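Working notes for the structure below.
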Amino acid sequence: MERLTSVVANLPKEPGNVVFVGRAKGLFIDNVKYAFLHAHRHAPHLSSTFMTLNRPEARELQGHGLPAFCFEDPDGPSRLAKASIVVSDDFWWKTRTPAGAIAHGAFLVQLWHGIPLKAIGFPEIESSVNMNPDKARELTEAYSGYNAVLSTSPFFTRTAFARAFRADAFWELGYPRNDALLRAPDKLDMINVDAALYSELKRAKKNGARVAFYMPTFRDVGGNAVSDGALDLRKLSAFAQERNIILVCKFHPYEDIKAGSNVPSLRFCDSKSDPYPLLRLADLLITDYSSIYFDFLLTGKPLLFFPYDLENYVARNRELLYNYEAFTPGPKVRDTPSLLAAMEALLSGQDAHAAERAKLAEVAFSHRDAEAGARLCEALTDLSRELAGKDVKA
């Protein structure tokens with residue numbers, strides 16, 4: 001690996017060549033998806049390509065007219081090696097594949113995939129919860145070596161991202177994926193989105209239905225609300241059906257939970273698909289410790305927290321960066337009956353946390369608009385000009 005790194009370091013980088021690396025072996029989701037799409041649409045002066053480790057996914061993107069390649073293609077390593085800028089929102093490619101060595105010498109931009117409530121990076125490494133020497137070494141490499149890390153506000157730069165990452169700079173530009181929460185999607189936005197479910201939700205809302213999303217976080221040591229017995233899907237389904245509610249369950253990309261046909265008012269969104277165009281249709285978000293709730297603050301709509309295993313989660317999975325009560329502006333419930341009662345109240349307009357949500361949104365986001373992708377591409381353009389040492393025509 002060291003020899004490969006030294007060889008690649010001497011290969012010339014192409015000014016303006018930007019490779020966007022998908023999350024979890026190259027999924028077309030999250031910040032990197034929307035950053036890449038904005039660059040493709042609005043920054044033709046940047047030579048932007050999307051890299052995945054999944055050949056069918058690369059071919060699908062190519063079928064939509066998008067410049068994409070698979071790292072395992074014969075020319076994949078050389079295409080990555082030519083990039084002067086590499087943009088990612090995860091670190092799988094950096095620590096678990098030769099791609100990290102191939103990209104040596106490129107300017108590395110880490111977008112990450114959410115404002116962290118739970119400990120990530122060096123606070124996680126320094127914690128005694130669910131940590132061992134091998135994991136600590138891997139995470140040290142994973143969270144180090146970046147030229148820039150994307151942030152959403154000075155507060156979270158100071159208290160979260162600057163603590164988690166070893167980086168030269170922190171760009172407080174906002175998250176490109178949140179652009180999709182604040183505007184209607186176009187054809188490219190809908191790639192890797194459940195289009196049938198999107199259409200169903202739009203029709204249902206026109207006919208008076210309400211839409212709720214349940215999006216819990218991933219538990220490092222396993223388990224979830226269903227398998228742990230805290231969430232009764234049949235009772236949830238019956239409740240939703242009686243009240244003309246569609247509940248969409250979207251689990252973390254690292255796990256997928258399905259249910260049978262005996263839960264008619266529940267919809268299960270593929271865990272590896274992009275939920276953001278769907279989420280803008282939601283009237284309520286239910287979660288636990290997932291960063292998704294910070295994003296949902298931008299909609300102004302209610303949040304409901306289901307931390308059924310809070311003490312166990314903090315003791316066995318991750319420590320939290322912030323006081324849970326202070327940073328979760330919504331009702332907290334721990335069992336199915338309490339969850340149903342809280343849903344009923346919130347969807348009936350009994351919302352006592354609106355001001356609290358608005359205050360946290362101001363702290364979390366310096367920009368509360370649909371222009372994060374534009375700001376990031378402007379920063380990449382300026383960076384490209386700087387790296388090239390000359391102006392690039394926009």
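Measuring r between the beta carbons of D382 and K135 and using R0 = 41 Å, the FRET efficiency lands at 0.65. Once the 1.4 Å probe is applied to the protein heavy atoms, the stretch 41-129 comes out at 35 Å² accessible per residue.
The stretch between S127 and R183 holds 16.2 nm of extra length on full extension. This uses 0.36 nm per residue minus the Cα-Cα distance. Label sites at E14 and R243, each approximated as a point 7 angstrom past Cα along Cα to Cβ, lie 5.5 nm apart.
Explain nothing, just the number: dipole magnitude of the stretch 171-256 about its Cα centre with +1 on each Lys and Arg Cβ and -1 on each Asp and Glu Cβ, in debye rounded to the nearest 20.
Details: 13 positive and 12 negative charges, 113 e Å.
Once rounded to the nearest 20, the dipole reads 540 debye.
Where does the charge balance sit around E124 when Lys and Arg score +1, Asp and Glu -1, over other residues with C-beta under 11 Å from its C-beta? Around E124, the surrounding residues sum to +1. Ranked from largest to smallest solvent-accessible area, with a 1.4 Å probe on the protein heavy atoms, H64, H42, H353 come out as H42, H64, H353.
Computed over the stretch 144-286, the P(r) tail beyond 19 angstrom holds 61 percent of alpha carbon pairs. For V363, the solvent-accessible surface computed with a 1.4 Å probe is close to 60 Å², ligands and nucleic acids excluded.
Distance between the pseudo-spin-label points of F218 and H353 (7 Å out from Cα toward the beta carbon): 2.5 nm. Based on protein heavy atoms only, the stretch 204-327 ends up with 37 Å² per residue of surface accessible to a 1.4 Å probe.
How big is the dipole moment of the stretch 296-394 about its Cα centre under a simple scheme where the beta carbon of each Lys and Arg is +1, that of each Asp and Glu is -1, and everything else is neutral? Debye, nearest 20, please. Walk me through the numbers on the way to the answer.
Numbers: 12 positive and 15 negative charges, 37 e Å.
It works out to roughly 180 debye.
Take each complete run of DSSP H in the chain, measure how far its Cα atoms stretch along the helix's own axis, and keep only those covering 20 Å or more with mean Kyte-Doolittle hydropathy at least -1.0; list them. Within the chain the helices that satisfy the rule are 372-388.
Rolling a 1.4 Å probe over the protein chains gives L321 an accessible area of about 40 Å².
Just from its helices, what would the mean residue ellipticity at 222 nm be for the chain, if runs of 4 or more DSSP H residues each count -39500 (n - 2.57) and the sum is divided by every residue, rounded to the nearest 500 deg cm²/dmol? Could you put the intermediate results ahead of the total?
Values: 17 runs with 142 residues, N = 394.
Mean residue ellipticity, 222 nm, calculated: -10000 deg cm²/dmol.
Pair-distance distribution of the stretch 268-349: all C-alpha pairs, bin width 10 Å, starting at 0; shares per bin in whole percent are 15, 47, 35, 3. Positive contributions from Lys and Arg (+1) and negative ones from Asp and Glu (-1), summed over other residues with Cβ under 14 Å from the Cβ of S366, come out at -1. With r as the distance between the Cβ atoms of A341 and D369 and R0 = 30 Å, compute the FRET efficiency 1/(1 + (r/R0)^6) and round to 0.05. The value I calculate is 0.25. Once all protein chains are placed together, L117 keeps about 0 Å² accessible to a 1.4 angstrom probe.
May I ask you to rank T287, T97 by accessible area, largest first, using a 1.4 Å probe over the protein chains only?
Details: T287 0, T97 20 Å².
Descending accessible area places them as T97, T287.
Full extension from R203 to R158: what is 0.36 nm times the residue separation minus their Cα-Cα distance, to one decimal in nm? Don't jump to the answer; show the numbers that get you there.
Details: separation 45, 0.36 × 45 = 16.20 nm, distance 4.30 nm.
Length difference between fully extended and current span is 11.9 nm.
Against the criterion of solvent-accessible heavy-atom surface with a 1.4 angstrom probe, D134, D351 sort, most first, into D134, D351. Can you tell me the length gained on complete extension of the stretch N323 to D168, counting 0.36 nm per residue apart and subtracting the Cα distance? Result: 53.0 nm gained on full extension. By accessible area, using a 1.4 Å probe on protein heavy atoms only, the chain has 50% of its surface on carbon and sulfur. Take the cross-link list K82/K187; K94/K359; K25/K118 and give me the ones stretching past 27 Å between alpha-carbons. Those over the limit are K82/K187; K94/K359.
Neighbours of A225, meaning other residues whose beta-carbon lies under 11 angstrom from its beta-carbon, give a summed charge of -3 when Lys and Arg score +1 and Asp and Glu score -1. Evaluated with a Cβ-only charge set (Lys, Arg +1; Asp, Glu -1), the chain carries a dipole of roughly 600 debye about its Cα centre, given to the nearest 20.
The values are calculated or read from the model by the stated rules, or taken from the named source; none is laboratory data. This is a predicted model, so every value here is computed, not measured. Quick reminder, even Gly has a Cβ in these numbers, built from the backbone with ideal geometry, and neighbours come from all protein chains shown. Side chains included, ligands, DNA and RNA excluded: accessible areas come from the protein's heavy atoms. Shrake-Rupley method; radii C 1.70, N 1.55, O 1.52, S 1.80 Å.
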